[in-house]
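Reading through the structure tokens given below for one structure.
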Amino acid sequence: PQSQIITMCLCHVTLPYSFNKAPIYISWLPLQTPSKIKSSILIIDDDKNILKILSKLLEKEGYAVNTTETGQEALDKIKNQNYNIVLIDVKLQDVNGLNLLDQIHKIAPDMVKIILTGHPSDEDMTIAFERGANEYLTKPVRPEKLIEVIQINLKKEQKSEWKWKPANVRLFTGV
């Protein structure tokens, strides 16, 4: 019997299929198990004090936090690492946060995107939701409110996160 193994990630569940009358076994694994993996958050703000305060608050709550002051660096980080949530300031030095939101949504449509702004407007709120924001919060935001919004959105994300991704694909021919 000839077999070929193509490894993409860890395997967990095996399902039988057939191809040209030969059995094929495909293993699948959930992308992540929400209870065992620490949620990660990227904070994008050009104010170093806000980055420091929010980082400490969220790390204290058990989140893995990464920060950046620029839109370009944020895009680079999102392309190279998976985040559960991104907090985006509207007024950044190098780019408008709403334009950045649009780019982030194209790269990571399933990631939770929360706008944090010190200059709220109905027009910006409408644009934010049209471009994929899950929440629109105004600064200063109460720590309890931010934590609550993050927790609610993570629960929603985790319910939809149970997507199955290919694990080991084992092709058995002539078995």
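The values are calculated or read from the model by the stated rules, or taken from the named source; none is laboratory data. Note that the structure is a prediction, hence the values are computed from the model and not measured. Using ideal geometry, Cβ is built from the backbone for each residue, glycine included, and neighbour counts are taken over all protein chains shown. What goes into the accessible areas is simple: the full protein's heavy atoms, side chains included, and nothing from ligands, DNA or RNA. Shrake-Rupley method; radii C 1.70, N 1.55, O 1.52, S 1.80 Å.
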Report task. Determine if region 85-102 includes at least one residue that is open to solvent by 20 Å² or more (accessible area, probe 1.4 Å), of a type in the set (S, T, N, Q) and at pLDDT 95 or above. Result -> yes
Query raised in the report: Given the conditions (1) assigned to a helix (DSSP H, G or I); (2) over 22 Å from residue 140 (Cβ atoms), and given that residue 55 satisfies all but one, which numbered condition is not satisfied?
Result: (2)
Query - Breaking point among (1) at pLDDT 95 or above; (2) in a loop (DSSP other than H, G, I, E, B), for residue 36 - result: (1)
**Report entry** Filtered residue count, region 116-126, keeping only those that are out of contact with any Asp or Glu (no Cβ under 6 Å at 6 or more places or on another chain), touching a residue at least 24 places away in the same chain (Cβ under 8 Å) and either more than 21 Å from residue 146 (Cα to Cα) or open to solvent by less than 70 Å² (accessible area, probe 1.4 Å) (or both)
**Finding:** 3
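Against the condition part of a helix (DSSP H, G or I) and either at negative phi or surrounded by fewer than 18 Cβ atoms within 10 Å (Cβ to Cβ) (or both), how does residue 113 come out, does it pass? Don't jump to the end; show me each part of the working.
Details: part of a helix (DSSP H, G or I): no; either at negative phi or surrounded by fewer than 18 Cβ atoms within 10 Å (Cβ to Cβ) (or both): yes.
So residue 113 fails the test.
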Report task. Being exposed (fewer than 14 other Cβ atoms within 10 Å of the Cβ) and polar (S, T, N, Q) is the filter; apply it to region 144-166 and report the residue that is modelled with the lowest pLDDT. Result -> 160
Query raised in the report: Which one of 169, 141 is out of contact with any His (no Cβ under 8 Å at 6 or more places or on another chain), surrounded by 16 or more Cβ atoms within 10 Å (Cβ to Cβ), at pLDDT 90 or above and of a type outside the set (D, E, K, R)?
Result: 141
Query raised in the report: Here is a list of conditions, (1) modelled with pLDDT of 95 or more; (2) touching a strand residue (DSSP E or B) at 6+ places or on another chain (Cβ under 9 Å); (3) open to solvent by less than 80 Å² (accessible area, probe 1.4 Å); (4) not acidic (Asp, Glu), and residue 129 meets all of them except one; can you say which number that is?
Result: (3)
**Report entry** Pair list, Cβ < 6 Å and 6+ apart or interchain, from region 62-81 residues that are open to solvent by 40 Å² or more (accessible area, probe 1.4 Å) to residues that are among the β-branched types (Val, Ile, Thr) and modelled with pLDDT of 95 or more
**Finding:** 67/43
Requested in this report: State all residues of region 116-145 that are under 18 Å from residue 63 (Cα atoms) and touching a helix residue (DSSP H, G or I) at 6+ places or on another chain (Cβ under 7 Å); if no residue qualifies, say none.
Outcome: 143
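Could we say that residue 50 is β-branched (Val, Ile, Thr), under 16 Å from the mean Cα position of the chain (by Cα) and buried (at least 17 other Cβ atoms within 10 Å of the Cβ) here?
On the way: β-branched (Val, Ile, Thr): yes; under 16 Å from the mean Cα position of the chain (by Cα): no; buried (at least 17 other Cβ atoms within 10 Å of the Cβ): yes.
So residue 50 does not fit the description; no.
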Query raised in the report: If you go through region 58-78, how many residues are of a type in the set (Lys, Arg) and either at pLDDT below 95 or under 18 Å from residue 141 (Cα atoms) (or both)?
Result: 1
